[in-house]
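Participant: Sharing a structure here in structure tokens format.
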Amino acid sequence: MRAVMSRATLSRRWRWLSALLALVVQIWLNPGEAAADAPPGPGQQLYQRYCQLCHAPDGSGYAADNAPSLVSPEFLASADDEFLARGIRLGRPNTAMAAYGKERGGPLSDKEIRQIVSFLRKQGPAAKKLPDVKVTGDASRGKALYRRECQSCHGNPRRAGNAPHLYNAEFLAAASPAFLQHAIRKGRPPTKMPGFEQKLSASEIDDIVAWLHSTRTRTRALPPGKAVVPSDLPLVIHPKGAAPELTLREGRFVPAEQVRRALAEKRRIIIIDARSPSDWIQFHIPGSVPIPYYDTAQLDRVPNDGTWVVAYCACPHHASGEVVDALRKRGFQNTAVLDEGILFWRQQGFPLAGEAVEPKGAAPPPAR
Ligand code: HEC
Ligand code: HEC
């Protein structure tokens, strides 16, 4: 009897010991998975602060403004580290994707950008070396094919659709013909971007690549400027003016037209640009101050005296919504999100200031 019991105890002990051993081996072989509860590394921390608002906590995108996935296997397989770093540094002008690099007035150093890139890289495969694709297709045939197969999602040269704007100057400057070909052939499962390998012939795909490639000489990248935000920007616009009359939709969103009118009538108001300051440098509502969504501690400077505070972004509600939530948490009474966002404001030809604003008479740029 004793012998039986001690054998049972022994086997229980043995089971317990081997489970422990298995765990140790697992942690040793696969530290990433076992450390799921460990604090996030520097790249992930930066990603959480600056990027997840739109690209979602796991990088799969679509948390705001149709921001694409940054971790789909076909994307990571075709986008090398330089493509990712450049996209983060210079952004995609005229979209919700700001330039985050210091050189454009954004918050991130090259080292921090590299840390984010390596965090993203860990979510999927290494980049393949793409073949050197010569552009041999027929651009005019490609243009017609693009209209038929792609425009409903990607929009036309002057107007973005719900998918990334392929006529974007920075995108076309960064995307090689091989990168375009890969995206069109394979698509981006599990996103809405279909693979066209079965639907279009190789030469039709080459025609579309030739068309997109040909438009890049006609798109103009924004000039690199002396990218700094003045340190002495006044917060209150028209400090002596009367309060504006604003009516909010759902107690939160103010139509752009009412804000335009408040400015024209010289009403007392504070306007906060919730985007990265690099975007403010390019173009902004005159008199606005940049207080980005990732740095709401700066709201300490804003007087809490009943003055109307309107925040805006491009996305068109997410970044500005973060700022308005932070203001309301601090007890501000009169706060609102600019309903349609800055890209609509710009499209309407409402007043703008900034480096990328043409002196006068320029056609409005493509906008969502
Ligand atoms: C306010 C929303 C928003 C935030 C915040 C944001 N992005 Fe984006 N991002 C977008 C959108 C929208 C696009 C697609 C733009 C287009 O081409 O139409 C994009 C595109 C990109 C691209 C290019 C992808 C491709 O396939 O070409 C990269 C890379 C990227 N973002 C990385 C980041 C990183 C890293 C951060 C944080 C530092 C970040 N983004 C923050 C909205 C955002
Ligand atoms: C049903 C909608 C839809 C159609 C049709 C479509 N796309 Fe896309 N496409 C998308 C979406 C959504 C993405 C972004 C996917 C992601 O999150 O990575 C995308 C991504 C891309 C990209 C990568 C862009 C980048 O910034 O990395 C290219 C290139 C592209 N599409 C080309 C095309 C072409 C060319 C066609 C027509 C032959 C086409 N697409 C048709 C929805 C579509």
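The values are calculated or read from the model by the stated rules, or taken from the named source; none is laboratory data. Just so you know, these numbers come straight off a predicted model, no measurement behind them. Note that each Cβ is placed from the backbone with ideal geometry, even for glycine, and that neighbours are counted across all protein chains shown. Note: areas computed on protein heavy atoms with side chains; ligands, DNA, RNA excluded. Shrake-Rupley method; radii C 1.70, N 1.55, O 1.52, S 1.80 Å.
Participant: Which lysines, if any, have their Cα less than 16 Å from the Cα of Lys266, not counting same-chain residues under 8 positions apart?
Facilitator: Lys240
Participant: For the stretch 261-274, take each phi angle, set θ = phi - 60°, evaluate the Karplus expression 6.51 cos²θ - 1.76 cosθ + 1.60, and give the result in whole Hz per residue in order, putting x for glycine and proline.
Facilitator: After applying 6.51 cos²θ - 1.76 cosθ + 1.60, I find 5, 4, 5, 4, 8, 6, 7, 6, 7, 10, 10, 10, 8, 8 Hz.
Participant: I would also like to ask the following. Could you order peptides 341-347, 277-283, 151-157 by the average number of other Cβ atoms within 10 Å of their residues, highest first?
Facilitator: With the highest mean Cβ count within 10 Å placed first, the list reads 277-283, 341-347, 151-157.
Participant: At a 10 angstrom cut-off on C-beta neighbours, averaged per residue, how do the peptides 83-96, 188-201 rank from highest to lowest?
Facilitator: Highest to lowest by the protection proxy: 83-96, 188-201.
Participant: Expressed in nm to one decimal, what extension gain is obtained for the pair Glu250 and Gln348 from 0.36 nm per residue of sequence separation less their Cα-Cα distance?
Facilitator: Here the segment from Glu250 to Gln348 would lengthen by 32.9 nm.
Participant: What are the ³J(HN,Hα) values, in whole Hz, obtained from phi via the Karplus relation 6.51 cos²θ - 1.76 cosθ + 1.60 with θ = phi - 60°, for each residue of the stretch 50-67 in sequence order, with x given for Gly and Pro?
Facilitator: 9, 10, 5, 3, 10, 8, 6, x, 9, x, 7, x, 6, 6, 8, 6, 6, 4
Participant: Roughly how many percent of the accessible protein surface of the stretch 228-368 is carbon and sulfur, given a 1.4 Å probe and a whole-percent answer?
Facilitator: Numbers: 3300 of 6260 Å².
Carbon-and-sulfur percentage of accessible area, whole number: 53.
Participant: Starting from the 7 Å offset along Cα-to-Cβ, what nm value, one decimal, do you get for the label separation of Arg147 and Val135?
Facilitator: 2.0
Participant: What are the aspartates and glutamates whose alpha-carbon lies under 14 Å from the alpha-carbon of Lys102, with same-chain residues fewer than 8 places away excluded?
Facilitator: Those aspartates and glutamates meeting the cut-off are Asp110, Glu112, Asp279.
Participant: Per residue of the stretch 335-342, in order, report the coupling 6.51 cos²θ - 1.76 cosθ + 1.60 (Karplus, θ = phi - 60°) as ³J(HN,Hα) in whole Hz, putting x for Gly and Pro.
Facilitator: My calculation for the stretch 335-342 gives 10, 7, 9, 5, 4, 8, x, 6 Hz in order.
Participant: Which whole-angstrom value gives the distance between the alpha carbon centres of the stretch 125-149 and the stretch 38-89?
Facilitator: 24
Participant: Ordered by packing density, taken as the mean number of other Cβ atoms within 10 Å over each peptide's residues, highest first, how do 133-140, 233-240, 165-172, 291-298 rank? Working shown, then result.
Facilitator: Details: 133-140: 15.4, 233-240: 13.8, 165-172: 21.1, 291-298: 18.8.
Order by mean packing, descending: 165-172, 291-298, 133-140, 233-240.
Participant: Report, by chain and number, residues whose modeled amide H sits under 5 Å from the one on Tyr62, excluding near sequence neighbours (fewer than 5 apart, same chain).
Facilitator: Counting only residues 5 or more places away or on other chains, the set is Ala67.
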